[in-house]
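Have a look at the structure below, then the notes.
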Amino acid sequence: MRGSIKPNGSFPNGDTKNNMKEKKNTILVPVITPFTDGETIDYDALQRHVECVLGQGADGIYVCGSSAECFSLSEQERMKSLEAILEAAGGAFVVAHVGTFATGNSIRLARHAERVGADVISCMPPFGLSYSFEEIKSYYTDVMKSVELPMMAYNFPAATQTHFTLEQFLGLFAEEKMQYLKFSDVDFYMLEQVKSHTGAFIYSGKDENFLSGLAAGADGAIGLTFNFMVGKFKEIYRLFREGKAEEARTIQHSVNEMVRTVCRYGIIEATKYLVGLKGIGVGHARKPFARLTEEAKTHLRSMAEREGIL
C-alpha cells in the first residue's frame, strides 16, 4: 500500500521523492483567466500573464483551477487555455487541472493534457451532491488509468465539503500515479500526517497560511494571490529554508494584509484588478461575479502600494 512506503520510495517514472524536491517546482501560480468585455477568453493576455509570473520567479503554472473560474469555462475553452499556457510557459512545469463533475469529461481533459504536453494532471473531487469516498476514489482511479501522467489530488473541504480521513488519504495514495497533493485546508495536523505516512509532494493551497503549511511539512504552494505577488511567497519559502522564521513571518504578515483586503472585495475580481495595475489587462470575472466599486479599487491600490506590490 502506498500509505506505508518509505520517504525515499520510487515512482514509476524513476523519480524519487527526494529528487522530486530537487526539481524545485515549489511555487506554482494558478493563473487567472483574462476575459474581454464580451466575456470571451483573451488568450494573448493569458500568455503575457504566464510569461510575467514566470519572469517574477514562479516555478510553474497551475492551469484551469478554481482561480481560473474553471467551472464557468467550456471544455474547449479549458483545452485551448492549456495549449496557450504551454506555449507561453516555454518548458516550465505545468499542472493541468482536469476536474469536472463527470468522470468521462475529466478523462477527455486528461487525455488532451497528456497529448499537448502537461507534466501533471490534477482533479478537484466531484462536489455539490453527496459522493461516497469509494465513488471519489473510483473517479480518481478511472482518470489516472486513462493517461500515463502523474496525478495531483486536490483537497479543498471548504468548497467540496469532502473531509478525508487519514485512512482515506492513504487509500488515495495507494495508487502509484497519485504523487502530489494540493492541500487547501488549515488542518496542519492532517497535513503532517499525510506527509509523514505517504511522502507525497504537498502544495499548501492557503496563501494566508503558507508559512504554517511549510512548518507542517508542505513542500511548496499554489495560491490565487500569487498572480500579483509571487515574489513574496518565493521569499517566504527561501527564508524558511534558511531557518529565518521571524523574517519569514514578517513577510507572511504583509501577505496576509493583502489577502484580508482581497477577500473583503471578492477574491477573483480583486485579484484581476491588481494584476491589471501591474500592467497586464485581464478584464473582469465572468458573471455572476460583481464588479468592484471605486471605493474598493482605491483601497486595493492603497494597500498594494503600502505592501510594496506596486
ask   = Does segment 148-187 hold any residues that are touching a Lys or Arg at 6+ places or on another chain (Cβ under 9 Å) and either basic (Lys, Arg) or in a helix (DSSP H, G or I) (or both), and which are they?
value = GLN168, LEU170, GLY171, LEU172, LYS177
query = In segment 111-147, what residues are in contact with a Phe, Trp or Tyr (Cβ under 6 Å, 6 or more places away or on another chain), closer than 22 Å to GLU87 by Cα and assigned to a loop (DSSP other than H, G, I, E, B)?
reply = ASP119
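Among the aliphatic types (A, V, I, L, M), surrounded by 19 or more Cβ atoms within 10 Å (Cβ to Cβ) and in contact with a Leu (Cβ under 8 Å, 6 or more places away or on another chain) - does that describe any residue in segment 154-177?
No, segment 154-177 has no match at all.
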inquiry  = Considering only segment 155-166, I want to know if a residue exists there that is touching a strand residue (DSSP E or B) at 6+ places or on another chain (Cβ under 6 Å), at pLDDT below 95 and not aliphatic (A, V, I, L, M).
reply    = yes
task = Would you point out which residue out of ALA270, ALA221 is touching a Ser or Thr at 6+ places or on another chain (Cβ under 8 Å), modelled with pLDDT of 95 or more and not in a helix (DSSP H, G or I)?
result = ALA221
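Looking at segment 217-242, which of its residues are over 16 Å from LEU274 (Cα atoms) and of a type in the set (Gly, Ala, Ser)?
Result: GLY217, ALA218, GLY220, ALA221.
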note = Filtering segment 2-60 for residues that are at positive phi and at pLDDT below 95 leaves a count of 2
task = Could you tell me which residue of segment 111-130 is surrounded by the most Cβ atoms within 10 Å (Cβ to Cβ), considering only residues that are out of contact with any His (no Cβ under 6 Å at 6 or more places or on another chain) and closer than 18 Å to SER184 by Cβ?
result = ILE121
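The values are calculated or read from the model by the stated rules, or taken from the named source; none is laboratory data. On a predicted model such as this, the values are computed, not experimentally measured, just so you know. Don't worry about glycine lacking a Cβ; one is built from the backbone with ideal geometry, like all the others, and counts go over all protein chains shown.
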